[in-house]
Amino acid sequence: GSIVPELSPEDTEILKEIVRERWEMAHTPLHAAAYALDPEYHGHEHNPDGKVMDGLNIMLGRLLPDGAQRGSAMVSYTDYLHKQGTFADPIMWSKARDLPVWKWWMTFGGGAPELRRVAIKVHSAMPSSSSCERNWSAYDFIHSKRRNKLTSQRANDLVYVFSNKQLMRRQACISKKGEHDLYVPWQWFDSASEESEQDEGSRKRLSEWYKDVGAKKNF
């Protein structure tokens, strides 16, 4: 028999909810548009709950701000969806699995220039986790062994301030206006993380510092 235990209906629903939450976190209009415009997945149900088409419409609006071009792209997508007009040739669909997506659109999408432009841009986006890595690096610096009693909200606030400080420093170097680095009083954070009355002064100073930074830097 199977070594995997059978899940109860309650556990199954919990597992489905976890998957749904992860989907909601990872799903973006770019993913939806890439799925809708990938000829390899043509014929799949593209609109079970409207999210795929919503994502495609969002990307069309971003990449084709002109209303006439966006309307032309939507008409072309209807032809693409139903294999009509310029997308009626069966040869092009036989190559859907053989060619990279961008090359397929370059080769066979000439009759739909607006939609082809969007499809190539969407599928040319380079996947990267560098932004997540930078955020994790900043969070690891903030939530260190010395500052391990920070609440989740406080840690998020500090990462926000620290990241903006880095951006301000970079902007100061670019603009060459002589703007000084923003001083971050880490010793107050260490003290304020302790839940005791004697550290009330540190929390008050931190509160004033937050207000001062927001007023000066418009965070």
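The values are calculated or read from the model by the stated rules, or taken from the named source; none is laboratory data. Predicted model, so just to flag it, every value in this text is computed and none were measured. When we count neighbours, we look across all protein chains shown, and the Cβ atoms used for this are built from the backbone with ideal geometry, even at glycine. Ligands, DNA and RNA are stripped out before the accessible areas are found, and what is left, the full protein with its side chains, is counted by its heavy atoms. Shrake-Rupley method; radii C 1.70, N 1.55, O 1.52, S 1.80 Å.
Regarding region 10-30, can at least one residue be identified that is outside any loop (DSSP other than H, G, I, E, B) and touching a residue at least 24 places away in the same chain (Cβ under 8 Å)? Yes, region 10-30 contains at least one residue that is outside any loop (DSSP other than H, G, I, E, B) and touching a residue at least 24 places away in the same chain (Cβ under 8 Å).
For first residues located in region 155-170 and within 15 Å of residue 137 (Cβ to Cβ), partners that are open to solvent by 40 Å² or more (accessible area, probe 1.4 Å) and in a helix (DSSP H, G or I) and lie 6+ apart or on another chain with Cβ distances below 6 Å form the pairs 159/139. Scanning region 141-166 for residues that are surrounded by 11 or more Cβ atoms within 10 Å (Cβ to Cβ) and either outside any helix (DSSP H, G or I) or of a type in the set (A, V, I, L, M, F, W, C) (or both) gives 141, 142, 143, 144, 147, 149, 150, 155, 158, 159, 161, 162. Screening region 31-49 for residues that are touching a residue at least 40 places away in the same chain (Cβ under 8 Å) and in a helix (DSSP H, G or I) and picking the one that is surrounded by the fewest Cβ atoms within 10 Å (Cβ to Cβ) gives 40. Look at (1) assigned to a loop (DSSP other than H, G, I, E, B); (2) at pLDDT 90 or above; (3) among the aliphatic types (A, V, I, L, M) and you find that residue 125 fails only one, number (2). Just one residue in the set 149, 121, 95, 145 is touching a Pro at 6+ places or on another chain (Cβ under 9 Å) and basic (Lys, Arg); that residue is 95. Taking the numbered list (1) part of a helix (DSSP H, G or I); (2) under 14 Å from residue 115 (Cα atoms) in turn, residue 52 passes all entries but (2). The condition of being exposed (fewer than 14 other Cβ atoms within 10 Å of the Cβ), modelled with pLDDT of 65 or more and closer than 30 Å to residue 30 by Cα does not hold for residue 173.
Each residue in region 86-139 was checked for being aliphatic (A, V, I, L, M), in contact (Cβ under 8 Å) with a residue 12 or more places away in the chain and open to solvent by less than 70 Å² (accessible area, probe 1.4 Å), and 11 of them qualify. One residue stands out among those in region 55-85 that are in a loop (DSSP other than H, G, I, E, B) and at negative phi: the one that is surrounded by the most Cβ atoms within 10 Å (Cβ to Cβ), which is 64.
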